[in-house]
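Peer 1: Please see the structure below; I have some questions.
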Number of protein chains: 2
Amino acid sequence: MTVLEEPVNVAEDSAVAGASDAPPRVDFDTDPEHYRHWRFDVEGETATVYLDVAEDGGIVPGYELKLNSYDLGVDIELYDLTQRLRFEHPQVRSVVLTSGKDSNFCAGANIRMLAASSHPWKVNFCKFTNETRNGIEDMTEAGQTWIAALNGTAAGGGYEMALACDRILLVDDRSSAVSLPEVPLLGVLPGTGGLTRVIDKRKVRKDRADVFATKSEGFGGRKAVEWKLVDEAVPRREWDRVVAERAAAAAAASSRPADARGISLTPLHRTETDDAITYDHVRVAIDRAARTATVVVAVPDTLTDDPAALHDQGDQHPLLAITRELDDAILRLRTNELEVGTWLLLTEGSTEAALAADRLIADHQDDWLVAETTRYLKRVLKRLDVTSRSLIALIEPGSCFAGPFLELALACDRQYMLEGTFEEDDDATLPSGAAAQEPAALVVTDAQFGTFPMGNGLTRLGSRFYGDDEALEAVRAKRGEELFAADADDLGLVTDAPDDIDWTDEIRILLEERASLSPDALTGMEANHRFVGPETMETRIFGRLTAWQNWIFVRPNASGPEGALRKYGTGRKADFDQKRV
Amino acid sequence: MTVLEEPVNVAEDSAVAGASDAPPRVDFDTDPEHYRHWRFDVEGETATVYLDVAEDGGIVPGYELKLNSYDLGVDIELYDLTQRLRFEHPQVRSVVLTSGKDSNFCAGANIRMLAASSHPWKVNFCKFTNETRNGIEDMTEAGQTWIAALNGTAAGGGYEMALACDRILLVDDRSSAVSLPEVPLLGVLPGTGGLTRVIDKRKVRKDRADVFATKSEGFGGRKAVEWKLVDEAVPRREWDRVVAERAAAAAAASSRPADARGISLTPLHRTETDDAITYDHVRVAIDRAARTATVVVAVPDTLTDDPAALHDQGDQHPLLAITRELDDAILRLRTNELEVGTWLLLTEGSTEAALAADRLIADHQDDWLVAETTRYLKRVLKRLDVTSRSLIALIEPGSCFAGPFLELALACDRQYMLEGTFEEDDDATLPSGAAAQEPAALVVTDAQFGTFPMGNGLTRLGSRFYGDDEALEAVRAKRGEELFAADADDLGLVTDAPDDIDWTDEIRILLEERASLSPDALTGMEANHRFVGPETMETRIFGRLTAWQNWIFVRPNASGPEGALRKYGTGRKADFDQKRV
C-alpha cells in the first residue's frame, strides 16, 4: 500500500492530513510484499489470515495503531488480501481470520484517528470498511467461507470484522471478550454494520443487543455463546484443534472447484495528472471549475466470449481489467476528490464487444474465473450505488451500453441519450471525444435481470420500474434488440432523449443546476431515491445505520471539543448536551 | 389549540421560543371551535377538509404563515381533526382534503419557522407531521378514504400532505403544480415522507423522481399525470363535479358501517405541575436530576369486555381514555421534556381487567368503535417505537402487563421483572408506589400476534424473536397463562428478573448508566435496534429518510449562517461547502 510516506501522492494542500478538511490523497495499490499489517498463509484448502498491525504504520501521521487497531491503510490491505484470495488462490475454500498478536484480536478503528479526522474522512473510511465487510460475506457465499478465530478480545470494529464472518470462535480464557464499546465510550455507533448484524444476522434479541451495545467490556465465554454473540467459546488448550476442525468442515462444505488455478493481480497501468486518471480502458477527466468528473469506459474489440481467453490473459483480459480500473477510479475519486460532485459516465466501443462480455458472463458461470469476475463487477456496481456523488449517464454515438455495461447507466441517477447523431462541428463538445456517426443504441440482456443485484436484492431495472411490472415486462420483451433513443425513451430506459440541437444546452444546464445544489441535500436525496422498495441487512447498514452515524458524527456530543470522541483517553468525561432529539 | 399566547403553558426559560434550544412548551389540546387553520364540513358520507391558515397564527412568534404554509400548531389541529373524523363522525367514508384559499393549496412547512427553529424543534416537528400523515393512510385503510383535491399549487410539505392521500387531483389551469422544492431552494430534504412516497407509493421512476425533486417549480397538468405525480389533472370548469364523483366513488367502495353513531372527544382530565402530569388513568412523574420520567398506566377494574360499555361511556371508557392519555403524555414528554432521556413504563391494576380489554379487542373487531379504539392504540404504540428516548419496562407486583398492555413492555428497549415480591420496607423505592404482595405476572394473548403491528409489519414479539421461530412458538404455546418472572425470563420475554435483594441496585445502576451515555448515540442505537428485519415505506420514512434529514439539518450547508435555510428569501445565495460526504 502506498501511504503518506511517498510524497508523490500527497497533494500540496493536504499536509495537515486527516485532521483537516483536506484529507491526504489516498492510493489503494498494494500487494502482500508491501503489507505492513496483515499476512496470510495458504495451506491446502484453508487460508489463515493474521491481523498484525504495525503501530507506527498509520496512513496519516498523528496516532499509533495500538492494540491491533486499524485505520484506512489497514483496511486497504485487507481489501487487497480478499481480492488476492479470490483471484490468486481460488482453491481456498475456508479462511480463518485471526490475530498475529498474543492476547488481543483487534481493538477496532483507531480512536485517535477518528477523533482527529474530518467528517468526510470518517464517512469515507466507514463506507470503505463496510464495503470490505460486505465483500467478506460475498466471499463466503462464493465458497470461500470466513471463520473468525478470536484468540483474544475483539472490541468495536474488531468484533464487527468478526460479525462479517460466517462463524465466530472466541477463546474461553476468562479475559477475552467481544464488545461494542462505541456508545458507552465514544458516543458514536458501531458504524461498520455492528448494530445491524448483531440483531439481523446473529439474531440477538433486541433487549440483549441494547445491553451489549451499552456495556463497554462486553461478554466472553458461556454468556457470549448463550447470547449468540459468538458461536463457540473454546478453551485455549483445544483452540488449535477446534479452529482447524471448523476450517476443514467449512472447506468440505464449499462448492468451489478443486482444480482451479489462480491468476496474478499485477499493478494497474495508471497515469495520473492534476486533472486526469488514465488506465488501459478507463479514462477519468476532472473539471474542477465545473466540479465534474467524466468517466469513460472503453470496451475494446479484443473482448471475446471465450472463457479460455480470460484464463490466458488473466488480469489483462479487458473485462477483468475494466472492472479493476473502474473499482480503482471510483475509490480514488470518492476519497480524493470530495468537491467533484457530479460524475458523468460514458462508454466507448462496439455493441458487439459489449455483447461478447455479456455472453462470456451469461454462458460460463460454471467457470470459476468468469464467476469471480462477474461477482467483482457486481461489487463495483454496488460501490456506485452507495457513492455520494450525482451520477449521470451520457449515452452518445460510439457508446456501448449493452448487457453488463448497461448496468453502468442504470446505476446512475439520470440517463441522457442523444437522439440521432451529432453534427460534425459539434463534436468538440463531446465529453467522450467520440466522433461516431451511428446513433447510440442500448441493448438489454439477461444481465439486467438478476446477474447484478443491488444491495436491496432488486435488479437496477427492477428498482427503476418498482411497482410497474408492465413497464418491466415491456423491456424484457426487447432483450437483445438495439434500442435507439426514441425506443429507449418510450420504454422508460432514459430520462430524456434530446437531439443534437438541444443536447449541448440541456447537458450544460443540467450540470450547472446540479453544481448549484447543496451537496448534503443531494447526498441524502440520492441515498433515498436509489434504494426503493425492499431493504436488506446490507441496505440497512448503508441507509439507516450509516445515516444515523453520520448525524452522530457531526453532533457536538461526539465531535465537539467536549464530545466523547475527543475526550476519550484524556481521563476527562465528555460534557453532553442532554437534549434527546 | 393552546399556543404560546397562553402564558400558563410557557416555561420560564423558553421565552426565546423555537429559535433557541429551549423550545416553547406545547399543548396538543384543541377542538373545532378553536381551530384557526382548518375547518371541515360533513355532508352525508363525505367530509370536506379545508386548510385555511391564519397568517398570524404561528405557534411561536417570529414568522407569518403565508401561502397556507404550516407549522406545528397547524399540524396539531390537523391531528385533532383526524381523530374527530374517526370517533365523532364514523359515518364518513371519504375525506376530501382541499384548500380554503382561492388559488393555492399549501406551500408546505413555513420556511422562516424552520430557519429560526432549533434542531430538536425541527426534528420533533417532522416526527409529529410524519405520524399524522401515516395516520391519514391508516384512516384510508379503515375506510375513511382521503382524496387530495389540489385546487392550487401544492409545494413541499403541501404536496407531501397530498401524497398521504389515496388519490390526488390537481386543477389543470396552466399555473397550478405539485413540487418538492426543498433540495433546490432550501438545501434540505422533503422530510415528511416525500422522497419515499414518490418512489415507493406513487411508483415514480427514480430518475424522474430525481428530476422532480431538483426542479423547484415542479410539474402540473398532463406531465404531472404522465409522471404519476398526481392521478388526474382536472380543468377548473369540471373541478367540483369530478371531485364530488371521486369522493362518492371512494365512499361507495368503503366497508364502513352506515349506521355508526359517533362519540364525543371531550377535553382530557389533566393536571400538570412542574414535575408531574396526572390524568384519570395515566400518571407521569419527572425526576429532572435523574433525567427520567416514570409513566404509570393504571387499568381500573371497571374495564369490561362489553362493547356496549364502550359506546355508553365513549371517551370516558377506560380503554379509550387510557389510549388518549398515553398519546397526550407521549407527545408532551417528547416535545416539552427534551432532557428527560429515559422513560420507565409501568402498569398498575388487575390482570383480569387487562384481559377484559384483551377480549373486548379480540372478540369485537366488527364493532366500529372497538376497531377504531384498537387502531388508535396501535398508533400510540407506534409513537413509542419511534420515540427517541430510552424506554425501560419495570414489571412489578401489582402490575397488569397482559394482552394489549403487554405491548407497552414489548415496545421498550429493555424489560425488568421482579422475581417474587418486595419486602415491605422496600416499598418506598417502588416507582409505581404499588404495595401488592403477589408476584407480577405477564399474560401473552393473541394481542401479541398481529393486533398491533409495528411500522415494519412485524409484531413486537416477532421483532423480539426475529429469526428465532422456536422461541416465538414457545411463547405462543403459553398464551393465556400467567407467566411469573422465572418463566418469563426462560421464555425470553424479559431482559432480567432480579429478586428484591438486587432489584433496587440493578435499576439504579441501569438508570445512572443510561443517563451517562451520549443522548445522540442512544437515539441512533435505539432507532437501529428497534427495527430489525424487514422494512416498509413507513420504516424507511422514519429510518433512512429521517436519519438523512437529521444529518442535513445540522450541517452548515442547511442551518449555518451561510446555509440555504437561512439564506432563503434574502435574495442572497447560500455559500456551500462543496465537499460531498
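The values are calculated or read from the model by the stated rules, or taken from the named source; none is laboratory data. Computed from a predicted structure; not experimentally measured. No Cβ is skipped: glycine too gets one built from the backbone with ideal geometry, and neighbour counts run over all protein chains shown. When the accessible area is computed, the model is the full protein with side chains, heavy atoms only, and any ligands, DNA or RNA have been set aside. Shrake-Rupley method; radii C 1.70, N 1.55, O 1.52, S 1.80 Å.
Peer 1: Might you work out the accessible area of B:Ser388 for me, using a 1.4 Å probe with all protein chains in place, and round it to the nearest 10 Å²?
Peer 2: In the full protein context, B:Ser388 sits at about 10 Å².
Peer 1: Next question. What is the distance, in nm, between label points placed 7 Å from the Cα along the Cα-to-Cβ direction at B:His89 and at B:Ala477?
Peer 2: Spacing of the two 7 Å Cα→Cβ label points: 5.2 nm.
Peer 1: Pop out the carbon and sulfur fraction of the accessible area of chain A as a percent, whole number, probe 1.4 Å.
Peer 2: Within chain A, the accessible surface is 48 percent carbon and sulfur.
Peer 1: Shifting gears a bit: Share of antiparallel DSSP beta bridges in the protein assembly as shown, in percent to the nearest 5?
Peer 2: 30
Peer 1: May I pose another question? For A:Glu33, B:Glu88, B:Glu513, give the ranking by accessible area with the largest first, probe 1.4 Å.
Peer 2: Final ranking, largest accessible area leading: A:Glu33, B:Glu513, B:Glu88.
Peer 1: Considering every Cα-Cα pair within the protein assembly as shown, what fraction, in whole percent, is farther apart than 44 Å?
Peer 2: 39
Peer 1: Rounded if a/c is under 1.5, else prolate if a/b is larger than b/c, else oblate: which is segment B:440-500, with a ≥ b ≥ c the root eigenvalues of its Cα gyration tensor?
Peer 2: The shape class here is prolate.
Peer 1: Go from 0 up to the bin containing the longest alpha carbon distance in segment B:430-581, width 10 Å each, and give me the % of pairs per bin.
Peer 2: All Cα pairs, binned at 10 Å, distribute as 9, 23, 26, 21, 11, 8, 2 percent.
Peer 1: Using a 1.4 Å probe on protein heavy atoms only, how many Å² of accessible area do A and B hide from each other, summed over both chains and rounded to 100?
Peer 2: Using a 1.4 Å probe, the pair buries roughly 8400 Å².
Peer 1: Another question, if that's okay. What list of ³J(HN,Hα) values in whole Hz, one per residue of segment B:259-271 in order, does the Karplus curve 6.51 cos²θ - 1.76 cosθ + 1.60 (θ = phi - 60°) give from phi, with Gly and Pro shown as x?
Peer 2: 9, 5, 10, x, 10, 8, 9, 9, x, 5, 8, 10, 10
Peer 1: Towards the positive end of the charge dipole of the protein assembly as shown, with charges on Cβ (+1 Lys, Arg; -1 Asp, Glu), say which of B:Tyr35, B:Leu517, A:Asn134 has the farthest Cα.
Peer 2: B:Leu517
Peer 1: Still on this structure, I have one more. How far is A:Arg359 from itself in the other copies, in nm, if each label sits 7 Å out from Cα along the Cα-Cβ line, shortest first?
Peer 2: 7.5
Peer 1: Taking square-rooted eigenvalues a ≥ b ≥ c of the alpha carbon gyration tensor, is segment A:366-427 rounded, prolate or oblate, where a/c under 1.5 means rounded and, failing that, a/b exceeding b/c means prolate?
Peer 2: It is oblate, given that a/c is not under 1.5 and a/b is not larger than b/c.
Peer 1: Counting only other chains, what is the mean number of Cβ atoms within 10 angstrom of the Cβ of each residue in peptide A:213-219?
Peer 2: 3
Peer 1: Related question: With the Cα gyration tensor of segment B:297-342 in hand, convert its eigenvalues to equivalent ellipsoid semi-axes via √(5λ) and list them largest first in whole Å.
Peer 2: 29, 11, 5
Peer 1: Can you tell me how much longer the chain between A:Glu238 and A:Lys223 gets when fully stretched, taken as 0.36 nm per residue apart minus their C-alpha distance, in nm with one decimal?
Peer 2: 3.5 nm
Peer 1: For A:Glu512 and A:Arg359, FRET efficiency with R0 = 56 Å and r from the beta-carbon atoms, rounded to 0.05?
Peer 2: Approximately 0.85, to the nearest 0.05.
Peer 1: Counting only Cα atoms, I'd like the Rg/Rh figure for segment A:230-375, Kirkwood definition for Rh.
Peer 2: Rg/Rh for segment A:230-375 comes to 1.14.
Peer 1: Enumerate the calculated ³J(HN,Hα) couplings along segment A:78-88 in order (Karplus 6.51 cos²θ - 1.76 cosθ + 1.60, θ = phi - 60°), each rounded to whole Hz, writing x wherever the residue is Gly or Pro.
Peer 2: With the stated coefficients, segment A:78-88 comes to 4, 4, 4, 4, 5, 5, 5, 4, 5, 9, 8 Hz.
Peer 1: What's the average, rounded to a whole number, of partner chain beta-carbon atoms within 10 Å of each residue's beta-carbon in A:411-418?
Peer 2: Mean shielding by partner chains, rounded to a whole number: 2.
Peer 1: Rounded to the nearest 5, what is the percent of antiparallel bridges among the DSSP beta bridges in chain A?
Peer 2: Antiparallel: roughly 30 percent of the beta bridges in chain A.
Peer 1: Count the DSSP beta bridges whose two residues both fall in segment B:286-401, then state the antiparallel fraction as a percent rounded to the nearest 5.
Peer 2: Roughly 15 percent of the beta bridges in segment B:286-401 run antiparallel, per DSSP.
Peer 1: Something else now. Going by average Cβ neighbours within 10 Å, how do the peptides B:341-347, B:506-512, B:151-157 rank, with the highest at the top?
Peer 2: My ranking of the peptides, most packed first, is B:151-157, B:341-347, B:506-512.
Peer 1: Let me ask you something else. Would you please classify the overall shape of segment B:157-214 from the alpha carbon gyration tensor, given that a ≥ b ≥ c denote the square roots of the eigenvalues, rounded means a/c under 1.5, and beyond that prolate means a/b larger than b/c while oblate covers the rest?
Peer 2: Rounded, because the longest to shortest axis ratio a/c is under 1.5.
Peer 1: At a probe size of 1.4 Å, how large is the accessible area of B:Val282, to the nearest 10 Å²?
Peer 2: Accessible surface of B:Val282 is approximately 0 Å².
Peer 1: Could you list, bin by bin from short to long, the percent of Cα-Cα pairs of chain A in 20 Å steps?
Peer 2: Calculated over all Cα pairs of chain A, the distribution is 20, 54, 24, 2 percent.
Peer 1: In 10 Å bins starting at 0, how do the alpha-carbon pair distances of segment A:100-227 split up by percent?
Peer 2: Percent of Cα pairs in each bin: 13, 45, 35, 7, 0.
Peer 1: Right, next: Quick one: putting +1 on the C-beta of Lys and Arg, -1 on the C-beta of Asp and Glu, what dipole do you get for the protein assembly as shown around its Cα centre, in Debye to the nearest 20?
Peer 2: For this selection, approximately 880 debye.
Peer 1: Based solely on its DSSP helices, what 222 nm [θ] is calculated for chain B when runs of n ≥ 4 H residues each add -39,500 (n - 2.57) and the sum is averaged over all residues, nearest 500 deg cm²/dmol?
Peer 2: That calculation yields -10500 deg cm²/dmol at 222 nm.
Peer 1: Continuing with the same structure: Relative to the longest principal axis of chain A, what angle (0 to 90°, nearest 10) does the C-alpha long axis of helix A:351-363 take?
Peer 2: 40
Peer 1: What's the average, rounded to a whole number, of partner chain beta-carbon atoms within 10 Å of each residue's beta-carbon in B:559-566?
Peer 2: 1
Peer 1: Where does the charge balance sit around A:Ala54 when Lys and Arg score +1, Asp and Glu -1, over other residues with C-beta under 10 Å from its C-beta?
Peer 2: -3
Peer 1: Now, a different point. Report the full-extension gain for the segment A:Asp490 to A:Ala289: residue separation times 0.36 nm, less the Cα-Cα distance, to one decimal in nm.
Peer 2: That works out to 68.8 nm of additional length.
Peer 1: Would you mind working out the accessible area per residue for chain B, using a 1.4 Å probe, and quoting it in Å²?
Peer 2: 34
Peer 1: Using R₀ = 35 Å, calculate the FRET efficiency as 1/(1 + (r/R₀)^6) where r is the Cβ-Cβ separation of B:Glu423 and A:Asp575; round to 0.05.
Peer 2: My answer for the efficiency is 0.30.
Peer 1: From the phi angles alone, apply the Karplus equation (6.51, -1.76, 1.60; θ = phi - 60°) to segment B:381-387 and give each ³J(HN,Hα) in whole Hz, x where the residue is Gly or Pro.
Peer 2: 4, 5, 4, 4, 4, 9, 7
Peer 1: Right, another one. If the reach is capped at under 16 angstrom between alpha carbons, list the aspartates and glutamates near A:Lys66, excluding any in the same chain fewer than eight residues apart.
Peer 2: By straight Cα distance, A:Lys66 reaches A:Asp52, A:Glu55, A:Asp56, A:Asp75, A:Asp102.
Peer 1: Just list whichever of B:Lys122/B:Lys382; B:Lys206/B:Lys228; A:Lys122/B:Lys579; A:Lys127/A:Lys378; A:Lys206/B:Lys203; A:Lys203/A:Lys567 have alpha carbons separated by over 22 Å in the model shown.
Peer 2: A:Lys206/B:Lys203; A:Lys203/A:Lys567, as the Cα separations exceed 22 Å there.
Peer 1: Here's another thing I want to ask about it. Cα axis of helix A:119-141 to longest principal axis of chain A: angle in degrees, 0 to 90, nearest 10?
Peer 2: 90
Peer 1: What's the magnitude of the charge dipole for segment B:172-311 around its Cα centre, counting Lys and Arg as +1 and Asp and Glu as -1 at the beta-carbon? Answer in Debye, nearest 20.
Peer 2: 860
Peer 1: On full extension of the chain, what length is gained from B:His119 through B:Glu562, given 0.36 nm per residue of separation minus the C-alpha to C-alpha distance?
Peer 2: Gain on extension, B:His119 to B:Glu562, equals 157.8 nm.
Peer 1: In segment A:233-328, if the dipole is taken from +1 on Lys/Arg beta carbons and -1 on Asp/Glu beta carbons about the Cα centre, which of A:Ala293, A:Ala249, A:Thr278 is farthest to the positive end?
Peer 2: Ranked along the dipole, the leading option is A:Ala249.
Peer 1: How large is the accessible surface of A:Val554 in square angstrom, using a 1.4 angstrom probe and rounding to the nearest 10?
Peer 2: Estimated to the nearest 10 Å², A:Val554 gives 40 Å².
Peer 1: To the nearest 10 degrees, how steeply does helix A:500-516 sit against the main Cα axis of chain A, on a 0 to 90 scale?
Peer 2: Orientation of helix A:500-516: about 30 degrees from the principal axis.
Peer 1: Mind putting a number on the dipole of chain A about its Cα centre? Charges go on the C-beta only, +1 for Lys and Arg and -1 for Asp and Glu, and I need it in Debye to the nearest 20.
Peer 2: The dipole of chain A has a size of about 4320 debye.
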